[in-house]
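**Student:** Mind having a look at this structure? Questions to follow.
The values are calculated or read from the model by the stated rules, or taken from the named source; none is laboratory data. Given the structure is predicted, the values throughout are model-derived calculations rather than measurements. Note: ideal-geometry Cβ built from the backbone for every residue, glycine included; neighbour counts use all protein chains shown.
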Amino acid sequence: MTILYFTSTGNCLQLAKKIGGIQLSIPQMIKENKYHFEDDAIGLIFPVYGFGLPKIVKRFLEKASFKAQYTFAVGTYGNTPGAVMFNLHKFAVKRGITFDYMNELLTVDNYLPVFDVNDQIARLPEKKTAENIEKIVSDIHNRKTNLPKASVSLKVLTAFIQSMSGVFSSGKAAQKFIVNEKCKHCGICTNVCPVSNINIADKVVFSDRCESCFGCVHHCPANAIHLRNEKSTARYRNAEVTLKEIQNANCQNGLAKRI
């Protein structure tokens, strides 16, 4: 089994590890120009951004091809997924990819402009994330099938949210981040960025390729990177995923010697 995943704070990687098999990072596959995959089962795991696919996942799927007896896709989300899986199904079919099983996993929402991280962590028991992970893992291991449906109203709402997300998820979003005096120039922000958007010289400099994943914000060990409109200064990384795993998954520049 091969699982292709994109993760920022570890939720998707946690699920990928629970399912098992070989876990391959989408940013690293793009870096290595690898887009064709063949196995008995192939899966895609990604976070839902504004009712849609992260830009990096969409770019990957535009070139990818899967050859497998069983294929699956799971989107992780923290509030509502909208019609993301329905739209993903249509998008994939147009590119020759068909999924046998598609599902969504409710977990911590780390989107700082809207959600307080401490509140999200406190609500994990009511979200039943652990129980739902077990069900998804069981479904996949037993090769169950499940295709998404979406009402007209949900499709309309998703289209609206996606249009608004396009306004706020510009590649230049990180240029509005605030880096305060706590910054130690440790380089971790550069190593967790999936698109090489951050450079450090005399100060931290953000370019115009930001995915709005907030990995640099959440993983800064000094809590030195902030959003102007964040709901809390608390940060999040999935308890079952290490910082080194995030760096190995996303770093595009080669891991720094200090890691």
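**Student:** Considering only residues that are assigned to a loop (DSSP other than H, G, I, E, B) and of a type in the set (A, V, I, L, M), which ones fall in segment 200-232?
**Tutor:** Hits for segment 200-232 are Ala201, Ala222, Ala224, Leu227.
**Student:** So Thr158 clears everything in (1) within 20 Å of Asn110 (Cα to Cα); (2) touching a strand residue (DSSP E or B) at 6+ places or on another chain (Cβ under 9 Å); (3) without any contact (Cβ under 8 Å) to a residue 24 or more places away in the chain; (4) among the β-branched types (Val, Ile, Thr) except one condition, right? Which one?
**Tutor:** So the condition that Thr158 fails would be (3).
**Student:** Being more than 16 Å from Ile136 (Cβ to Cβ), part of a loop (DSSP other than H, G, I, E, B) and among the aromatic types (Phe, Trp, Tyr) is the filter here; which residues of segment 78-111 pass it?
**Tutor:** Residue satisfying the conditions is Tyr111 alone.
Here is a yes/no grid of residues against (1) surrounded by fewer than 19 Cβ atoms within 10 Å (Cβ to Cβ); (2) within 17 Å of Ser8 (Cβ to Cβ):
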position	(1), (2)
Cys189	no, yes
Lys203	yes, no
Cys213	no, yes
Leu227	yes, yes
Asn238	no, yes
Val241	no, yes
Gln247	no, yes
Asn250	no, yes
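**Student:** When Asn199 is evaluated against the numbered criteria (1) in contact with a strand residue (DSSP E or B) (Cβ under 6 Å, 6 or more places away or on another chain); (2) farther than 21 Å from Ala249 by Cβ; (3) at pLDDT 90 or above, which criterion, by number, is the only one it fails?
**Tutor:** (2)
**Student:** Name the helices (runs of 4 or more DSSP H) wholly within segment 112-194 that hold at least 2 residues that are among the charged types (D, E, K, R)?
**Tutor:** Values: elements: 117-122, 124-127, 129-141, 152-168, 188-192.
The qualifying helices (runs of 4 or more DSSP H) are 124-127, 129-141.
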